[in-house]
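*Asks:* Structure incoming, see below.
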Amino acid sequence: MCGIIGILGSHEVAPVILDALRRLEYRGYDSAGIATIHEGRLELRRATGKLMNLSDVLVCEPLRGKAGIGHTRWATHGAPSVENAHPHRSGRVAVVHNGIIENFRELREELSAAGCRFASETDTEVIVHLTDRHLGMGLGPVEAARATLACLKGAFALAFLFEGEGDLLIAARHGSPLAIGHGEGEMYLGSDAIALAPMTNRLTYLEEGDWAVLTRQGVTIHDSQGSPVQRAITVIDVENARIDKAGHRHFMAKEMAEQPSVIKAVIDHYVAEETEEPAMPLGVDFATADRVVMVACGTAFHACQVAKYWFEQLARIPVEIDIASEFRYRDPVLGEGDIVIVVSQSGETADTLAALRHVAGRVARTLAVVNVPTSSIAREADVVIPMHAGPEIGVASTKAFTAQLLVLLLLALKCGRDRDRMEPGHCARLLSDIRSIPGFMSQILDREADYERIAEVLGECDDVLFLGRGVMFPMALEAALKLKEISYIHAEAYAAGELKHGPIALIDKGLPVVVLAPRDGLFEKTVSNMQEVMARHGPVVLLTDAEGAAGAGAVSHCVVLPEVPEVVAPFAYAVPAQMLAYHAALARGTDVDQPRNLAKSVTVE
Ligand code: G6P
């Protein structure tokens, strides 16, 4: 949420910053801006909307200079406008900010009373006024920034640039991620490794409370007490930070298509060929655990909801799941025998990170299932289980979701084995079912024309209802989320058995009901609910297998999926759900990869 970048370069930096912002645009695209120092003078350009608009501004009014900062915004305080776009400037200082300054109202009142004029509605602007005032009191840039940091409450990653200081950047991290990049006679800072990948593969991740002074010669880092500290340099895999659409029209299309190979990569990482057991991480033994607690947000939370069924069925262990923003504030009952699993594609979601911090030291073990192994959540959990999905850029999560599902399924298998709840033969059979996933996913992906046809119908509706039972209930929740995220069609999901407790009042011929129902032990029950819909003239779109289609009666549309083993059915039904959302979005002409108001990495509460 908001991407920031800073460069002390040896060449003109504006084009390089613009390019880095392009790689950070998944964090927000409400507005963007760049500030540079040229011949000692601080100058900035800003534009609302996508980065392309800033690029156009720079064509008309180029920015010179070898030092600069840049920002792509996801609006929190103040509408997307040029005035509210970052960098913000007051006098000699410009700042870019990711996060929220929680005490900005008090600070703004004090500064206004002291005569400061505010040009924006943002929380960020207090930072530049404070710093400029500190400079006015005779402090140098480093001391002025430090004095400002001492006044701020909330979550922030900041970069400061000063007029007259072409070889100085100051960075600070408090609750929002920030990495320092090391170059040859150049230094960088950025919100993530992807931003800095073309410039350097050597990164230092700032820890909570750190602030750093960068010159072209290097960086000095201080902790929150102001003591100089050494932070390690991590060499990142630049290949893994490379992003392109590989010929697809959208990142989402590419990421959906990658799922068979991602699933295969997860299997290769965690299931040794010569054994019949998942080779899951060392140092986690579920044998003595009392309970599994899973916490996440958004799509990752839906993966946890599916996994609850697996852990309970395969390992007979009590499982609690919660949305991170609720979990952290409800004072949950925790025990020393709990294993807490946090799930996050980005590894930076503020609420999930806070939930992890809340349980640290109070439970037996914390596990992080993450896609970005250098992320804050990965660095703070006891055990990291990477999901190996590769960079996911489309805001709507697809391949990360199915990779999360698989890692959690393998953990459930390990849990079952650790607790002697599963015979080796049973585990081996389930692993063989798991090995079949890439094959059937490819088949399902190939049915594009079917999804397109149905999505055209959904695309004309204002509301869509999704129903499922058992694991298909959280899968229905995920299907509804995908559709509303990218097509802006209002979509809701219910456990099919809940239909009669409210949503049935909505059924009429204008409300399509998408039913996810493989021919499993719950199928007949779901068919009864479907009949209740059809009796009230609700059009039904059924996702099922051949046997299910034969027993379902006359639905409006049916997608016949391959028959797959019950335990891996969520992998089969994830694909049509994504495809229907994608094609409905295409039919409505929305922005698939960067849907309005959303951001990929949610680093504020
Ligand atoms: C945002 C994204 C979702 C994602 C959620 C949790 O809402 O748009 O796709 O599922 O955050 O993100 P995480 O990185 O923690 O999985």
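The values are calculated or read from the model by the stated rules, or taken from the named source; none is laboratory data. Please read these numbers as outputs of a predicted model, since none were measured by experiment. Cβ atoms come from the backbone with ideal geometry, glycine included; neighbour counts cover every protein chain shown. Quick note on the areas: whole protein, heavy atoms, side chains included, nothing else; ligands and nucleic acids left out. Shrake-Rupley method; radii C 1.70, N 1.55, O 1.52, S 1.80 Å.
*Asks:* Cα extents of the stretch 216-366 along the three principal axes, largest first, in whole Å?
*Replies:* 56, 49, 34
*Asks:* Rounded to the nearest Å, what's the spacing between the alpha carbon centres of the stretch 224-293 and the stretch 534-605? Just the number, please.
*Replies:* Taking the Cα centre of the stretch 534-605 as reference, the centre of the stretch 224-293 is 26 Å away.
*Asks:* Which residues' amide hydrogens lie under 5 Å from the amide hydrogen of LEU561, considering only partners 5 or more residues apart or on another chain, with H built in the peptide plane?
*Replies:* THR544, ASP545, ALA546
*Asks:* Any idea what the dipole of the stretch 168-305 comes to, in debye rounded to 20, about its Cα centre with Lys/Arg Cβ at +1 and Asp/Glu Cβ at -1?
*Replies:* 680 debye
*Asks:* Considering the Cα trace of the stretch 57-108, what is its radius of gyration and what is Dmax, both in angstroms?
*Replies:* 13.1, 39
*Asks:* Which length gain, in nm to one decimal place, applies between ALA428 and ASN53 when the Cα-Cα distance is subtracted from 0.36 nm times their residue separation?
*Replies:* 129.5 nm
*Asks:* What size of dipole, in debye to the nearest 20, comes out for the chain about its Cα centre when the only charges are +1 on Lys and Arg C-beta atoms and -1 on Asp and Glu C-beta atoms?
*Replies:* That gives the chain a dipole magnitude of about 620 debye.
*Asks:* Additional query: Scanning the chain for helices, which whole DSSP H stretches are 18 Å or more long along the axis (Cα) and average 0.0 or more by Kyte-Doolittle?
*Replies:* Flagged H segments are 298-310, 399-418, 472-487, 569-588.
*Asks:* Show which aspartates and glutamates lie in cross-link reach of LYS264 when reach means a straight Cα distance below 18 angstrom and same-chain residues fewer than eight apart are skipped.
*Replies:* Partners within reach: GLU255, GLU273, GLU274, GLU276, GLU277, GLU392, ASP433, ASP446.
*Asks:* Let me ask you something else. Semi-axes of the equivalent ellipsoid of the stretch 165-272: what are they in whole Å, largest first, if each equals the square root of 5 times a C-alpha gyration tensor eigenvalue?
*Replies:* Details: eigenvalues 226, 57, 31 Å².
Square roots of five times the eigenvalues give 34, 17, 13 Å.
*Asks:* For the stretch 510-598, what is Rg from Cα atoms divided by 2.2 N^0.38 Å, rounded to two decimals? Before the final figure, lay out the partial values.
*Replies:* On the way: Rg = 14.6 Å, N = 89, 2.2 N^0.38 = 12.1 Å.
The value comes to 1.20.
*Asks:* Placing one identical point scatterer on every Cα of the stretch 347-404 and ignoring solvent, what is log10 I(q)/I(0) from the Debye formula at q = 0.12, 0.24 Å⁻¹?
*Replies:* -0.28, -0.97
*Asks:* Could you compute Rg(Cα) / (2.2 N^0.38 Å) for the stretch 144-206, with N its residue count?
*Replies:* Scaled against compact globular proteins, the figure is 1.18.
*Asks:* Assuming a viscosity of 1.002 mPa s and a temperature of 20 °C, what translational diffusion coefficient in µm² per second does Stokes-Einstein assign to the chain, Rh being the Kirkwood radius over Cα pairs?
*Replies:* Diffusion coefficient, whole number: 84 µm²/s.
*Asks:* Would you grab the residues whose amide H sits under 5 Å from the one on THR234? Only those 5+ places off in sequence or on another chain, please, with H modelled 1.01 Å from N.
*Replies:* LEU203, THR204, TYR205
*Asks:* Let me ask another. Using 1/(1 + (r/R0)^6) with R0 = 41 angstrom and r between the beta carbons of TYR329 and GLN225, what's the FRET efficiency to the nearest 0.05?
*Replies:* 0.90
*Asks:* Among the listed pairs LYS50/LYS254; LYS399/LYS484; LYS414/LYS600; LYS308/LYS399, give every one whose C-alpha distance is greater than 24 Å.
*Replies:* LYS414/LYS600
*Asks:* Where both residues lie in the chain, what percent of DSSP beta bridges are antiparallel, nearest 5?
*Replies:* Around 60 percent antiparallel, to the nearest 5.
*Asks:* Using a 1.4 Å probe, what is the accessible area per residue for the chain, in Å²?
*Replies:* Per residue, the chain has an accessible area of 37 Å².
*Asks:* What would the Debye formula give as log10 I(q)/I(0) at q = 0.22 Å⁻¹ for the alpha-carbon point model of the stretch 291-413, no solvent?
*Replies:* So the normalised log intensities are -1.31.
*Asks:* Starting from the alpha-carbon convex hull of the stretch 445-561, give the projected area averaged over all orientations, in nm².
*Replies:* The Cα convex hull of the stretch 445-561, projected and averaged over all directions, gives 6.6 nm².
*Asks:* Further question: Taking the Cβ-Cβ separation of ALA550 and HIS490 as r and a Förster radius of 25 Å, what is the calculated FRET efficiency to the nearest 0.05?
*Replies:* 0.15
*Asks:* Another question, if that's okay. Let me know the volume per residue of the alpha-carbon convex hull for the stretch 385-451, in Å³.
*Replies:* Considering the Cα atoms of the stretch 385-451, their hull volume per residue is 114 Å³.
*Asks:* Round to the nearest 0.05 the FRET efficiency obtained for SER112 and GLU336 when R0 = 51 Å and r is the Cβ-Cβ distance.
*Replies:* For SER112 and GLU336, the calculated efficiency is 0.50.
*Asks:* Can you compute the radius of gyration and Dmax for the stretch 1-115, using only the Cα atoms, both in Å?
*Replies:* 14.1, 42
*Asks:* Follow-up. Of all the Cα-Cα pairs you can form in the stretch 86-140, what percent are over 13 Å apart?
*Replies:* Numbers: 821 of 1485 pairs.
Tail of P(r) above 13 Å: 55 percent of Cα pairs.
*Asks:* Here is a further query. Please name whichever of THR352, GLN404, VAL219 sits farthest to the positive end of the charge dipole of the chain, dipole taken about the Cα centre and charges placed at Cβ: Lys and Arg +1, Asp and Glu -1.
*Replies:* The residue sitting most towards the positive pole is VAL219.
*Asks:* For the stretch 355-472, what is the Kirkwood hydrodynamic radius in Å, using each pair of distinct C-alpha atoms?
*Replies:* Radius from the Kirkwood sum: 17.8 Å.
*Asks:* Using packing as a proxy for protection, rank 460-468, 514-522, 436-444 so that the peptide with the highest average count of other Cβ atoms within 10 Å comes first.
*Replies:* Averaged packing, sorted descending, gives the order 514-522, 460-468, 436-444.
*Asks:* Taking all protein chains as present, what is the carbon and sulfur share of the accessible area of the chain, in % to the nearest whole number, probe 1.4 Å?
*Replies:* Carbon plus sulfur share of accessible area: 49 percent.
*Asks:* Could you point to the residue in PHE160, ILE127, ILE180 farthest towards the positive end of the stretch 112-201's charge dipole, with +1 and -1 charges on the Cβ of Lys/Arg and Asp/Glu respectively?
*Replies:* Towards the positive end, the residue furthest out is ILE127.
*Asks:* Plugging the Kirkwood radius over Cα pairs into Stokes-Einstein for the stretch 432-482, at a temperature of 20 °C and a viscosity of 1.002 mPa s, what D comes out in µm²/s?
*Replies:* 164 µm²/s
*Asks:* Same structure again: First check a/c for the stretch 475-538, with a ≥ b ≥ c the square roots of the eigenvalues of its C-alpha gyration tensor; if it is under 1.5, answer rounded, and if not, answer prolate when a/b is larger than b/c or oblate otherwise.
*Replies:* Here the stretch 475-538 falls in the oblate category.
*Asks:* Pick out, from CYS304, LEU561, VAL57, the residue whose Cα sits farthest towards the positive end of the charge dipole of the chain, with +1 on the Cβ of Lys and Arg and -1 on the Cβ of Asp and Glu.
*Replies:* VAL57
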